[in-house]
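Worksheet for the structure shown next.
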Amino acid sequence: MASAFFHIFIKPRPGVSETKVTKRMNLALDWYKYSDYGWIVYTTSDAAKWQTRLKPLVEPGGNLLIFKLDSSQRQGWMAKSFWEWLKKER
């Protein structure tokens, strides 16, 4: 699969540390965490692969949402570091 951006909202189940989530996100080529539960990943894996990776951190009692992100049409107010990360050459 070609590289793509995915938005991942992950609220882990109780007892799962931030370190465990970050370890899974490190499987991406690159990532940016923009809020407590919001991540943008740049990856060669598809949404199904990310669900397989993250589901054990979520069930039972957490939440997970993954979708491919088309960054060609974008607007908003985010930290300058986010826009720099999004636009950097890969």
Checklist entry - Met1 fails exactly one of the following numbered conditions: (1) at pLDDT 95 or above; (2) of a type in the set (A, V, I, L, M, F, W, C); (3) exposed (fewer than 10 other Cβ atoms within 10 Å of the Cβ). What is the number of that condition? => result (1)
Next on the checklist: I'm trying to understand the selection: among the residues of the stretch 60-90, which are touching a strand residue (DSSP E or B) at 6+ places or on another chain (Cβ under 9 Å) and aliphatic (A, V, I, L, M)?
Outcome noted: Leu64, Leu65, Ile66, Leu69, Leu86
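Conditions tested, residue by residue: (1) within 23 Å of Lys87 (Cβ to Cβ); (2) out of contact with any strand residue (DSSP E or B) (no Cβ under 9 Å at 6 or more places or on another chain); (3) without any contact (Cβ under 8 Å) to a residue 60 or more places away in the chain; (4) aliphatic (A, V, I, L, M).
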residue	(1), (2), (3), (4)
Val16	no, yes, yes, yes
Asn26	yes, yes, yes, no
Trp31	yes, no, yes, no
Thr43	yes, no, yes, no
Thr52	no, yes, yes, no
Lys55	no, no, yes, no
Val58	no, no, yes, yes
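Each row is one residue, and each column tells you yes or no for (1) part of a strand (DSSP E or B); (2) loosely packed, with under 12 Cβ neighbours inside 10 Å; (3) touching a Cys at 6+ places or on another chain (Cβ under 6 Å); (4) at pLDDT 95 or above.
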{"site": "Leu27", "(1), (2), (3), (4)": "no, no, no, yes"}
{"site": "Val41", "(1), (2), (3), (4)": "yes, no, no, yes"}
{"site": "Ala48", "(1), (2), (3), (4)": "no, yes, no, yes"}
{"site": "Arg53", "(1), (2), (3), (4)": "no, no, no, yes"}
{"site": "Lys68", "(1), (2), (3), (4)": "yes, yes, no, yes"}
{"site": "Arg74", "(1), (2), (3), (4)": "no, yes, no, no"}
{"site": "Trp83", "(1), (2), (3), (4)": "no, no, no, no"}
Checklist entry - Applying the selection to the stretch 48-79, what residues are touching a Pro at 6+ places or on another chain (Cβ under 8 Å) and either aliphatic (A, V, I, L, M) or on the phi < 0 side of the Ramachandran plot (or both)? => result Leu57, Val58, Gly62
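The values are calculated or read from the model by the stated rules, or taken from the named source; none is laboratory data. These figures come from a predicted structure and were not determined experimentally. When we count neighbours, we look across all protein chains shown, and the Cβ atoms used for this are built from the backbone with ideal geometry, even at glycine.
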